[in-house]
Every structure is written in structure tokens, then in C-alpha cells.
Amino acid sequence: MTASLTAVRLGGRPDLPLLVLGPSLGTSATALWRDCARHLARDFQVVAWDLPGHGTNAAVPSTAEEPLTVPDLAAGVLALVDTMAQGLHAPGFHYAGDSVGGAVGLQLLLDAPARVESATLLCTGARIGTPESWAERAGTVRERGTEALVEASTERWFGPGFVEREAESAAALLRSLTAADDEAYAAVCGALAAFDVRDRLGEVTVPVLAVAGSHDVPTPPGLLRALAEGVPDGRFAELDGVAHLAPAEAPEEVARLVREHALGPDQDGPPPEVEALLAAVRAARAAGLPPAEVREVVRAALAE
């Protein structure tokens, strides 16, 4: 079965290398990746995808006869990319995914290695949780809805101080959780319950960067380190102060890691001061300021 997924374009020109971004369970692609994508759009055509029943995706999988699986989601990603190519060819792409999005990335490396040019797998693992824990969570959601998960998800998702520092981002992520379809959420729980590719890591031929959050409880750093060590060409990185949603918690650092892994260190972006100046100019132009006032914005930014 091929899962029905929806694409969310997050920036970048169509002539740039394609970067596909995968979500975490309970999040929308936009809420999780929007800020990070801003730092990637200079070098990539950035396209994320939404899980069934999440974000822009209204499809709810029918699991009565055939349960949803992680290979189904991986097949859905390939179908989505092929649709974007309009049947001309089967394009290759770079991939980055968080949590279940990372699991889907790992499945893509096993099922379609010729299509994936690099993979950055964040806050994930070759096996996540246990079948029993996923069955329990699915039961909770079917009985009480995703709203019942808000308190626990707040604790799992965010590192120390993030909710206070980035209240708007945290609220958007939690809204995406409560907006998710209950049955679709439970179906993805079932897919993760059955996912275990620990004995297949040696088959992966694509370069893998495994990124952990130092405060991540569901997928702790040891799990990501084991992933990096288990594949033939793997590297490990750990983000200090980050929990389970690294792209939202540390967007600039995640963007740097994705860019360097995909394109090499020589392709890294300009210094933060230059990025800030360019952002100020773009904002001034978008606001319709005349050239003289744009120049004043530049002078003010340079004087800081």
C-alpha cells in the first residue's frame, strides 16, 4: 500500500537540488520545519510532506483490513516526488526527517537507495519505543483524542526553556497535535509499533548523518549514535539543550547540519550577520519601502 501524502513547498527555486523534509508524529510540516526551511531555501528547493490526517493532509488511512506501515509512508514519499517531476524521470533528492519522518528516511535508504543522495535523520532510530507503548498511546488517542497528549507531548517535545523563549512556535506545534485526526494518529502509532530495521542497518549505502537532542527522551542520543555506528557511512551529531523536535528547537543549527551533510562544508551559508542584513533588506522590500528607506535600513543594520 502507498500512503497518501501531501506536499508542502517551503521555499527555494525549482532549479536547486531537491530537499524533502519529513515530520514528527503529531506535527504539521509547516509548524515543524518552517523556520529551518528559511535557512535552507538559498541552497535547496525545499518540500516537506504531511502525514495522513496531519496538517494539509485530510486523508485518513483505512486500517481495518491492512494496517499502515512505515514502508507505506516511504512509498508515499517516492510517489509524491515522482508527481512533482510530472512523469519526466525519477529524480534523486536529499532527505531530512524527524522522529517518524526519520524512520521513513531510513526506510527510503533500504527501499530506494538510488533515489536518495543524502539522509539527515533527526531524533529517530532504527526502532522507536516498543509495540506495547505504541499500542497504549493509540488506545489513548482513540478513546480520548489527541488533546489528551498535550501535557505529555510538551514535556517530550521541547528542551528546557523552549516554551518560554519560543511561545509562538511551541503553541503552533501543539495546535498541530490537537488538530490531527485521531484515527490517523493512531494508525501512525501502529506503523511505528511494527517498525524495526536494526538488523538491516548494514545494507544502507547512502551517507547518513544521525542528529540527537541532548534532552530527547523518546529517542535519546545513544539511539542515534547506534544508528550512525550501524550504517557503513554514518556520522553522529548532538544538539545541546534540544529535545525531540530539533528542526523547530534549533532551526539554524539543523539547517547548517543538513546543508553541510548534503552539499559539503564549502557550501555553508554566509555568517549570521550577513544573513540578518539580507533578511532586513528582504523585509523592507516586501513592505514596499522606497530605495532610500531600504538604504537607511541597511545603514542601521550595519551600525548595530
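Quick notes on this one:
- Ellipticity at 222 nm from helices only: DSSP H runs of n ≥ 4 in the chain, each -39500 (n - 2.57), divided by the residue count, give -14500 deg cm²/dmol.
- Backbone amide hydrogens, once placed in the peptide plane, bring Gly213 within less than 5 Å of Cys123, Leu239, excluding anything fewer than 5 places away on its chain.
- Computed from the C-beta positions of Thr83 and Glu183, the FRET efficiency with R₀ = 30 Å rounds to 0.75.
- Once both labels are positioned 7 Å from their Cα atoms along Cα-to-Cβ, the gap between Val298 and Val150 label points is 4.7 nm.
- With all protein chains in place and ligands, DNA and RNA left out, the 1.4 Å accessible area ranks Met1, Met84 as Met1, Met84, largest first.
- Charge dipole magnitude, Cβ of K and R +1, D and E -1 - the chain, Cα centre, debye nearest 20: 600
- Solvent exposure ordering (accessible area, 1.4 Å, most first) of Arg13, Arg225, Arg34, Arg144: Arg144, Arg13, Arg225, Arg34
- Label-reachable residues, segment 167-193, where backbone N falls under 15 Å from a point 7 Å from Ala58's Cα toward its Cβ: 180-181
- Within the accessible area of the chain (1.4 Å probe), percent carbon and sulfur: 52
- Heavy-atom accessible area per residue - segment 54-121, 1.4 Å, Å²: 37
- Across segment 1-19, the residues whose backbone nitrogen lies under 19 Å from the label position 7 Å along the beta-carbon direction of Glu65 are 1-4.
- Sequence-ordered 3J(HN,Hα) estimates for segment 39-53 from the Karplus curve with 6.51, -1.76 and 1.60 and θ = phi - 60° stand at 7, 9, 5, 5, 10, 9, 7, 9, 10, 9, 10, 9, 4, x, x Hz, glycine and proline given as x.
- Note on the chain: dipole from Cβ charges, positive end direction compared against Leu302, Gly92, Gly26; the farthest Cα belongs to Leu302.
- Taken one residue at a time, the phi angles of segment 212-229 give Karplus couplings (6.51, -1.76, 1.60, θ = phi - 60°) of 10, x, 5, 10, 7, 8, x, 10, x, x, x, 5, 6, 5, 4, 5, 4, 7 Hz. Gly and Pro are set to x.
- Kirkwood-type hydrodynamic radius, segment 1-143: 15.5 Å, calculated from all non-identical alpha-carbon pairs.
- With only the Cα atoms considered, segment 102-160 has a convex hull volume of 115 Å³ per residue.
- A straight line joining the Cα centroids of segment 221-236 and segment 48-121 runs 21 Å.
- Residues whose amide H falls under 5 Å from that of Gly22, counting only those 5 or more places apart or on a different chain, are Ala96, Gly97, Asp98, with hydrogens built in the peptide plane.
- Structure-derived Cα extents along the principal axes in Å: which label, when the choices are [x] 77, 43, 31; [y] 92, 40, 30; [z] 65, 41, 38: [z]
- Computed across segment 175-270, the Kirkwood radius stands at 15.2 Å (inverse of mean 1/r, all Cα pairs).
- Its alpha carbons considered, segment 14-95 gives a radius of gyration followed by a Dmax of 13.7, 44 Å.
- Antiparallel bridge percentage (DSSP; both residues within segment 1-147; nearest 5): 25
- Global form of segment 1-56, assessed from the alpha-carbon gyration tensor, a/c cut-off 1.5: oblate
- In order along segment 159-171, phi translates into HN-Hα couplings of x, x, x, 5, 4, 6, 6, 10, 4, 5, 5, 4, 5 Hz, rounded to whole numbers, per the Karplus curve 6.51 cos²θ - 1.76 cosθ + 1.60 with θ = phi - 60° and x for Gly and Pro.
- Where labels lie 7 Å past Cα in the beta-carbon direction, separation of Arg142 and Thr205 in nm: 4.1
- Solvent-accessible ranking of Asp240, Asp15, largest area first, probe 1.4 Å: Asp240, Asp15
The values are calculated or read from the model by the stated rules, or taken from the named source; none is laboratory data. Nothing here was measured: the structure is a model prediction, and the numbers come from that model. Counting neighbours? That spans all protein chains shown, and the Cβs are built from the backbone with ideal geometry, glycine included. Surface areas here come from the heavy atoms of the whole protein model, side chains and all, with no ligands, DNA or RNA. Shrake-Rupley method; radii C 1.70, N 1.55, O 1.52, S 1.80 Å.
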